[in-house]
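These notes concern the structure reproduced below.
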Amino acid sequence: MKAKIAASALLVLASIAAVPAYAHHSFAAEFDGTKPTRLVGKITRVEWTNPHSYFYVDVTDPKSGKLINWGCEGAGPGALSRRGWKKGDLKIGDQIVVDGYRAKDGSHLVDARRVTLPDGRSVYGGSPGDGGPGDNGTVQGNLSGTGKS
Amino acid sequence: MTQPILQHLCQVIYDSQVGTAIRESDYAFSIIESVHVLAITLLVGTISLLDLRMLGVVLREVPVTRLSRAVFPLTWAGFGVMVSSGLLLFWAEAAKNYVNPAFRVKLILLLLVGLNPLIFHTSVYRRVSEWELEHRSPWRARAAAIASLTLWSCVVIAGRAIAYF
Amino acid sequence: MQVSRWAFAVVEMVHLLSLAALGGSVLLIDLRLLGVILKGESAKNIGHDLGRVLLVSLTILILSGIGLLSEEAMKCYFSPAFRWKMALLASSILFYFTLHRRALNRAGTDTPPELAQRAVAVVSMLLWLGVGVAGRAIGLI
């Protein structure tokens, strides 16, 4: 019993240690609109949660060649559903492309503005009307203007 | 050794069906959260007016007991809704809340803010009939009013800060 | 340090605290006008006295709101919730200074409120509630 509790406690600690940041309420306050970042990697974990969703991808760092686990923040389940996402769209192990903006604090966290799934489908992930790049207040976001503008 | 057990408990709550359902819901979480904010407005908004009355800032002509009778049903209603919606939010976020410093501070503040009326009602408020007409209440009542205003403000601030950790 | 992150948070907190003060004063004024509470006191006096709290908190709300807006101008520009909020806010303020004020001034102390006064109280509460709900929706829609 003790071992079980200790193990679950460890698990919790490990999962918490892996989370770069929990929540925010303004794109401008948390993320740097001048630092567009493209991540290509495999999904390692998905948190389909309120108030924000998170998913994690393993990305090979071009400089060191090391694998780095990046956190990607998106809107909550309600807003994502309205944009045509489904919880099952993100599958662990899938290779995806994430276009986003890096966190101001320099951690390995991006605000995921657009995610390209393995089937080529592009989905918009920014928080609803958070004012970040590409946000035009609609459920689709301004996908064409995202990432590279 | 109590900490990991408490944390384990939070994880169990977090992983429960209801907790997960709220956390992953399309609408429920946002609605509960909004109701929580409204309830806080109701609670803090009404109790702070009573505090301001005792400090002699507003409604000086209204006897303290008359105002408190008008305000308390609203305050308690706000309190009830705040606690129940707060528990639902905790259910959905327990494991995250456990490690959140702002959440811990908020719990301590809630404890303190609960002690305040307890002390107030068993001390100076017992003789309220002697001073309820005074434009400015006696210093003990004013101290309680300032404590209430400060503590409730801090609860709101700590609550908002939870999102920033 | 992330100054802007915490600056935003602090402005949000100020916004929330003044929201509570506004909510409390609106509620007491309108419940009095409705004839539910403090029936022994004059609605006009209550409205006048708590109106100070209302206006002070409204001023702080608007100022802190401008602060929040400056961080999220694009979001607000596109947000239907924000447009609703501004429309409701303008209506609430206009209503407060016109029909609401008139209803308060005409309210007697001992007589139960007329139907028109009750209606004004209910409309006022709904308008202010609408501002708050629309405001919350800015971050959710």
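Across peptide C:10-23, the mean count of Cβ atoms from other chains lying within 10 Å of each residue's own Cβ comes to 6.
How big is the Rg/Rh ratio for chain B, C-alpha atoms only, Rh by Kirkwood, two decimals? A ratio of 1.06. Its Cα gyration tensor gives the protein assembly as shown an equivalent ellipsoid. The semi-axes, each the square root of 5 times an eigenvalue, are 45, 27, 17 Å from largest down.
Taken over the C-alpha atoms, segment C:3-138 has Rg and Dmax values of 16.3, 56 angstrom. When only Cα pairs below 8 angstrom with a gap of at least 6 residues are kept, segment B:77-165 shows a relative contact order of 44 percent. Take every pair of alpha-carbon atoms less than 8 Å apart whose residues are at least six positions apart; their mean separation over the length of segment C:3-138 yields a relative contact order of 35 percent. Once you have a ≥ b ≥ c as the square roots of the Cα gyration tensor eigenvalues for segment C:102-141, tell me rounded if a/c is under 1.5, and otherwise prolate or oblate according to whether a/b is larger than b/c. Verdict is prolate for segment C:102-141.
Counting other Cβ atoms within 10 Å as a rough exposure proxy, the listed residues B:10, A:72 run B:10, A:72 from fewest neighbours to most. Take B:49-62, B:132-145 and order them by the average number of nearby Cβ atoms within 10 Å per residue, most first; the result is B:49-62, B:132-145.
Taking the helices alone, chain C has a mean residue ellipticity at 222 nm of -27000 deg cm²/dmol, built from -39,500 (n - 2.57) per DSSP H run of at least 4 residues and averaged over all its residues. Which entries in the list A:86/C:75; A:66/A:104; A:66/B:106; A:66/A:87 go over 31 Å, if you measure between the two C-alpha atoms of each? In this structure, A:66/B:106 exceed 31 Å between Cα atoms. Peptide C:24-30 shows a mean partner chain C-beta count of 6 within 10 Å per residue C-beta.
Peptide A:31-41 has a mean shielding of 0, counted as Cβ atoms of other protein chains within 10 Å of each residue's Cβ.
Computed packing ranks the peptides C:54-60, B:110-116, C:8-14 as C:8-14, C:54-60, B:110-116, most packed first, by mean other Cβ atoms within 10 Å.
Within the shell defined by Cβ-Cβ distances under 9 Å, the residues around residue A:104 carry a net charge of 0, with Lys and Arg each +1 and Asp and Glu each -1.
In chain B, helices alone account for a calculated mean residue ellipticity at 222 nm of -27500 deg cm²/dmol, with every DSSP H run of four or more residues adding -39,500 (n - 2.57).
Every number in this text was worked out from the coordinates using simple rules, so none of it is lab data. Quantities reported herein were computed from a predicted structural model and do not represent experimental measurements. So basically every Cβ, Gly included, is an ideal-geometry build from the backbone, and we count neighbours across all protein chains shown.
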